[in-house]
Amino acid sequence: MALLAIKDLRARVEEKEILKGLSLTINPGEVHAIMGPNGAGKSTLSSVITGKPGYEITEGSVLFEGKDLAELAANERACEGIFLAFQYPVEIPGVNYTTFLKTAINAKRKYFGEEEIDAMEFLKLMKSKIKLLKIADDMMKRPVNVGFSGGEKKRADVLQMAMLDPKLMILDEMDSGLDIDALRIAADGVNTLRSPDKAILCITHYQRLLDYVVPDFVHVLAGGRIVKSGGKELALELEEKGYTEFENAAA
Amino acid sequence: MSTTEMPPFLDAALPVPVEETGWLADLRQAGLDIYKRKGLPTPKVEAWKYTNLGGLAKTEFKPAALDVTVAADKLPLAAALSLDALALVFVNGRFDPAVSDLGALPKGLRVESLSKVLQAEPALVEPLLGKLATREDLPLAALNTGLLTDGLFVRLAKGVTLDKALHVVSVASGGSSAAAFHPRNLIVLEEGAKATIVESHVGLPDFPTFENSVTEVTLGEGAELKHYRLLNGPDTSYHVGVTLADVAAKARYESFALAIGGALTRNEVRVVLSGEGAHGVVNGSYAVHGGQHVDNTVLVDHAVPRATSSQLFKGVLDGTGKAVFQGKVLVRRDAQETDAQQLHKALLLSRGAEVDTKPELEIYADDVKCSHGATVGEMDAEQLFYLMARGIDEETALALLVEAFVEDVVHEISDEVVREAFIRKVRDWQTGREKAVWSE
Ligand SMILES: Nc1ncnc2c1ncn2[C@@H]1O[C@H](COP(=O)(O)OP(=O)(O)O)[C@@H](O)[C@H]1O
Ligand SMILES: [Mg+2]
């Protein structure tokens, strides 16, 4: 069964139709890249998949392991195994990072009727992932994303991903705001999480991230639908020619 | 104003005439005279525009019996702060030695019931009692003066630092009928003395109670008082309290109040910075739900040059809760180089909740640095989604965000032990809430 099956999806936000008949199938183990001009609807797609309030599916369907996502709240989708690394991770003053991580892990356990994680086990897990992702210990003592640099925010999101162990990882413009070193560290982090039973949906405007997280498939999103699909060479082609051709096609 | 008729519930609370003469009798009479002239404040009085005590008149409050005691195992201590401290228990404003735990007092510290001091050593309190609180614009404080009987007396000698906090647990109990009481507290820190005093206001949910308390604080030069207050009475409790502090040169008065319980709470704080270099902090946070009403009214009076002050209040409102914040900074003509800040932030979780904010700067000096701000906002949808996108259910996510909002002010508490106790209180309160409370 496909991990994610999107069929003829139409979605709107604030009365404005953004996705206009989008179809996409992702199988376990695959890495898909979605590229497209600014404003094409890439982030909207990630919001619709993850269940952000205000994004309304008007037609078509989004199935995750056969389950209709429209029936699940955002937190339930996350517990089922969908993870979004945000384009702009949100700062949450006053909520301690470690508390937040532990709450998230326990939420997932509760969802599956499991016991809460033991405090020692949690610390061990966190420490091992922190080491893996080369994250500074003191970040975990701070409030969520507050005072983090752009690179730290992205890496912190990848840490959450490592700890929550999702099946579908959606990376929304993971390269935005990162210098090449920070990008490499974050991408390495993502690559360590790859496995045959997981899939990645990598949303990006530029090709450079795809040098590190190498896709099996590349799709062009323009005007609310996928207008072209191909292998990883399509990304290079887009880098060269830009999106003008598709912007015109969409309009 | 003409002689106002006393509302029935307070009329009944008037004392049997005391066979006394001298300064105390005069003081009481002065208080009663003011109250008789001004009466119970109505919303027509500017300072009470948003808090209406009229509804109280429906309940017939009797003067709290003087002999009400609560057995140690019946004290609602779970509602109070849990603190390693010197503990004093007052029931309906009367000191209850049987359930208090003072141990051996450190040298230089006097902690007693005011009634005892009035009997044994009245000269000790005569120069201070009523000095700050006997005012035409504080009719309820004047009533308190008129009925003055008991409360807390603290005096810390010059240069002495208390290393353990003093914890005053004030228990309201109707006993066998609705009861009104008027505790009177006097706190004196001599030159350079340093102390932390914590108050937990709690109660038994038997009959309605009306507490009208007055606390007068005098800080000598360089003294430091950390004065923290938890207002966590049951739904049947009404609390009106005013704290007045006079802060001498280089002295520091830091206050914080957390209001989470009670039907109606008015926490009024007036700080006079009367010596150069004096510093006043008046902070607070609150959470109201259902039909609760919380009023924080603050006046910081910069009477001299080069004093500094700050006010920070944050609150969360749900259901049909109502909150009032009136914060005023007064900078007198001589008070050059004043630095004063004020900020109030309210978080509205339901459409039925209401918040009234009145920030005021009244400045007569020209070289000052003053700022004030007030915001009323809703829950941040981006933050909520971020948490939910990590699997956290909406209820838990809301609780985390509310806690963070409230705790932000709690973190300003400079006494670490007390800060932790307040944080625990916020968390307990949060986890103890019904699912339905954080509606919509
Ligand atoms: N919450 C929103 N409210 C209004 N318009 C939105 C909202 N989110 C996205 N849009 C609009 O949808 C379109 C696509 O945006 P987005 O999905 O962010 O594009 P991309 O990520 O491809 O740059 C844009 O025209 C944007 O203005
Ligand atoms: Mg985007």
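Can you pull out every residue in segment B:22-32 that is surrounded by 13 or more Cβ atoms within 10 Å (Cβ to Cβ) and without any contact (Cβ under 8 Å) to a residue 60 or more places away in the chain?
Once the filter is applied, which keeps residues that are surrounded by 13 or more Cβ atoms within 10 Å (Cβ to Cβ) and without any contact (Cβ under 8 Å) to a residue 60 or more places away in the chain, segment B:22-32 yields only B:25.
Considering segment B:188-204 alone, what residues qualify as being surrounded by 24 or more Cβ atoms within 10 Å (Cβ to Cβ) and not in a strand (DSSP E or B)?
B:193 - this is the single residue of segment B:188-204 that is surrounded by 24 or more Cβ atoms within 10 Å (Cβ to Cβ) and not in a strand (DSSP E or B).
Just give me the residues in segment B:395-415 being of a type in the set (Gly, Ala, Ser) and part of a loop (DSSP other than H, G, I, E, B), in sequence order. Outline the logic, then answer.
Keep residues of segment B:395-415 that are of a type in the set (Gly, Ala, Ser), which gives B:397, B:399, B:404, B:414.
Matches in segment B:395-415: B:414 only.
Out of segment A:85-103, which residues are open to solvent by 10 Å² or more (accessible area, probe 1.4 Å), facing chain B (nearest Cβ under 9 Å) and within 23 Å of residue A:167 (Cα to Cα)? Give the steps one after another, and end with the answer.
Taking segment A:85-103 and keeping what is open to solvent by 10 Å² or more (accessible area, probe 1.4 Å), we get A:86-91, A:93-94, A:96, A:98-99, A:102-103.
Right, trim to facing chain B (nearest Cβ under 9 Å) and you get A:86, A:88-91, A:93-94, A:96, A:99, A:103.
Matches in segment A:85-103: A:86, A:88, A:89, A:90, A:103.
If I filter segment A:142-167 down to residues being among the aliphatic types (A, V, I, L, M) and touching a helix residue (DSSP H, G or I) at 6+ places or on another chain (Cβ under 8 Å), which single residue comes out as farthest from ligand 2 (Cβ to nearest atom)? Steps first, please.
As a first pass, look at segment A:142-167 and keep what is among the aliphatic types (A, V, I, L, M): A:144, A:146, A:156, A:158-159, A:161-164.
If we keep only those that are touching a helix residue (DSSP H, G or I) at 6+ places or on another chain (Cβ under 8 Å) too, we end up with A:144, A:156, A:158-159, A:161-164.
Values: A:144: 21, A:156: 19, A:158: 18, A:159: 22, A:161: 18, A:162: 23, A:163: 25, A:164: 22 Å.
Among those residues, the one meeting the criterion is A:163.
All but one of (1) modelled with pLDDT under 95; (2) within 11 Å of another protein chain (Cβ to nearest Cβ) hold for residue A:150; state the number of the condition that does not hold.
Exception for residue A:150: condition (2).
Looking at segment A:211-237 only, could you name the residues that are open to solvent by less than 20 Å² (accessible area, probe 1.4 Å), of a type outside the set (Val, Ile, Thr) and either within 16 Å of ligand 2 (Cβ to nearest atom) or within 14 Å of another protein chain (Cβ to nearest Cβ) (or both)?
A:219, A:221, A:222, A:224, listed by residue number.
Name the helices (runs of 4 or more DSSP H) wholly within segment A:12-117 that hold at least 2 residues that are within 16 Å of ligand 1 (Cβ to nearest atom)?
Working: elements: A:42-50, A:74-80, A:97-111.
Once the helices (runs of 4 or more DSSP H) in segment A:12-117 are filtered for at least 2 residues that are within 16 Å of ligand 1 (Cβ to nearest atom), what remains is A:42-50.
Answer yes if at least one residue in segment A:49-59 is within 16 Å of ligand 2 (Cβ to nearest atom), open to solvent by less than 30 Å² (accessible area, probe 1.4 Å) and within 14 Å of chain B (Cβ to nearest Cβ), and no otherwise. Let's see the steps before the verdict.
Of all residues in segment A:49-59, those within 16 Å of ligand 2 (Cβ to nearest atom) come to A:49-50, A:52, A:54-55.
Then drop every residue that is not open to solvent by less than 30 Å² (accessible area, probe 1.4 Å), which leaves A:49-50.
From what's left, within 14 Å of chain B (Cβ to nearest Cβ): A:49-50.
So far as segment A:49-59 goes, yes, one or more of its residues are within 16 Å of ligand 2 (Cβ to nearest atom), open to solvent by less than 30 Å² (accessible area, probe 1.4 Å) and within 14 Å of chain B (Cβ to nearest Cβ).
Would you call residue B:207 of a type outside the set (S, T, N, Q) and in a strand (DSSP E or B)? First the steps, then the outcome.
Values: of a type outside the set (S, T, N, Q): yes; in a strand (DSSP E or B): no.
Here the answer is no, as residue B:207 does not meet what is asked.
With respect to residue A:121, is the statement that it is away from ligand 2 (no atom under 16 Å from the Cβ), touching a helix residue (DSSP H, G or I) at 6+ places or on another chain (Cβ under 8 Å) and either of a type outside the set (A, V, I, L, M, F, W, C) or open to solvent by 40 Å² or more (accessible area, probe 1.4 Å) (or both) true?
Taking the combined requirement at face value, the residue does not satisfy it.
Can you tell me which residue is farthest from the other protein chains (Cβ to nearest Cβ) among those in segment B:365-394 that are surrounded by 14 or more Cβ atoms within 10 Å (Cβ to Cβ) and in a loop (DSSP other than H, G, I, E, B)?
Checking each candidate, the answer is B:365.
Looking at A:157, A:172, can you tell me which residue is within 13 Å of chain B (Cβ to nearest Cβ), in contact with a Leu (Cβ under 7 Å, 6 or more places away or on another chain) and within 22 Å of residue A:192 (Cα to Cα)?
Values: A:157 fails: in contact with a Leu (Cβ under 7 Å, 6 or more places away or on another chain).
Checking each option against the conditions leaves just A:172.
Which ones in segment A:104-116 are in contact with a helix residue (DSSP H, G or I) (Cβ under 8 Å, 6 or more places away or on another chain), within 11 Å of chain B (Cβ to nearest Cβ), under 24 Å from residue B:404 (Cα atoms) and not basic (Lys, Arg)? Working first, answer last.
To start, the set of residues in segment A:104-116 that are in contact with a helix residue (DSSP H, G or I) (Cβ under 8 Å, 6 or more places away or on another chain) comprises A:104-105, A:107-108, A:111-112, A:115-116.
Pick out the ones that are also within 11 Å of chain B (Cβ to nearest Cβ) and you get A:104-105, A:107-108, A:111-112.
After this cut, where a residue has to be under 24 Å from residue B:404 (Cα atoms) as well, the list is A:104-105, A:107-108.
Of everything in segment A:104-116, those that are in contact with a helix residue (DSSP H, G or I) (Cβ under 8 Å, 6 or more places away or on another chain), within 11 Å of chain B (Cβ to nearest Cβ), under 24 Å from residue B:404 (Cα atoms) and not basic (Lys, Arg) turn out to be A:104, A:105, A:107.
Answer with yes or no whether residue B:326 is open to solvent by 10 Å² or more (accessible area, probe 1.4 Å), touching a helix residue (DSSP H, G or I) at 6+ places or on another chain (Cβ under 9 Å), among the polar types (S, T, N, Q) and assigned to a strand (DSSP E or B). Break it down into steps so the answer makes sense when it comes.
Values: open to solvent by 10 Å² or more (accessible area, probe 1.4 Å): yes; touching a helix residue (DSSP H, G or I) at 6+ places or on another chain (Cβ under 9 Å): yes; among the polar types (S, T, N, Q): yes; assigned to a strand (DSSP E or B): yes.
For residue B:326, the condition - open to solvent by 10 Å² or more (accessible area, probe 1.4 Å), touching a helix residue (DSSP H, G or I) at 6+ places or on another chain (Cβ under 9 Å), among the polar types (S, T, N, Q) and assigned to a strand (DSSP E or B) - is met.
Can you tell which of B:278, B:287, B:259, B:223 is at pLDDT below 95, open to solvent by less than 10 Å² (accessible area, probe 1.4 Å) and of a type in the set (A, V, I, L, M)?
Numbers: B:278 fails: at pLDDT below 95; B:259 fails: at pLDDT below 95; B:223 fails: at pLDDT below 95.
On inspection, the qualifying residue turns out to be B:287.
Filter segment B:130-147 down to the residues that are within 18 Å of the chain's Cα centre (by Cα) and aliphatic (A, V, I, L, M) and list them by number.
B:132, B:133, B:138, B:140, B:141, B:142, B:143
Quick check on residue A:63: is it more than 30 Å from residue A:237 (Cα to Cα) and either modelled with pLDDT under 95 or within 13 Å of another protein chain (Cβ to nearest Cβ) (or both)?
Judged against the criteria, residue A:63 is not a match.
With (1) closer than 30 Å to residue A:42 by Cα; (2) in a helix (DSSP H, G or I); (3) open to solvent by 10 Å² or more (accessible area, probe 1.4 Å) as the list, and residue A:148 as the residue in question, which single condition is left unmet?
Result: residue A:148 passes all but (2).
Among (1) at negative phi; (2) open to solvent by 10 Å² or more (accessible area, probe 1.4 Å); (3) modelled with pLDDT of 95 or more, which single condition is residue B:337 missing?
(1)
Would you check if there is a residue in segment A:192-205 being free of Cβ contacts under 8 Å to residues at least 60 places away in the same chain and under 27 Å from residue A:100 (Cα atoms)? Don't jump to the end; show me each part of the working.
Going residue by residue through segment A:192-205, those that are free of Cβ contacts under 8 Å to residues at least 60 places away in the same chain are A:193.
Filter once more, so that each one left must be under 27 Å from residue A:100 (Cα atoms): A:193.
For segment A:192-205, residues free of Cβ contacts under 8 Å to residues at least 60 places away in the same chain and under 27 Å from residue A:100 (Cα atoms): present.
One residue is enough: does segment A:125-140 have a residue meeting the conditions open to solvent by 30 Å² or more (accessible area, probe 1.4 Å) and within 9 Å of another protein chain (Cβ to nearest Cβ)?
Here is the first cut: in segment A:125-140, the residues open to solvent by 30 Å² or more (accessible area, probe 1.4 Å) are A:125, A:127-129, A:131-132, A:134, A:136-138.
Narrowing the set further to residues that are within 9 Å of another protein chain (Cβ to nearest Cβ) leaves none.
No, because not a single residue in segment A:125-140 is open to solvent by 30 Å² or more (accessible area, probe 1.4 Å) and within 9 Å of another protein chain (Cβ to nearest Cβ).
The values are calculated or read from the model by the stated rules, or taken from the named source; none is laboratory data. Bear in mind that the values here come from a model prediction, so they are computed numbers and not experimental data. Cβ sites come from the backbone with ideal geometry, for glycine too, and all protein chains shown count toward neighbours. Each accessible area value is taken on the protein alone, full model and side chains, heavy atoms only, with ligands, DNA and RNA left out. Shrake-Rupley method; radii C 1.70, N 1.55, O 1.52, S 1.80 Å.
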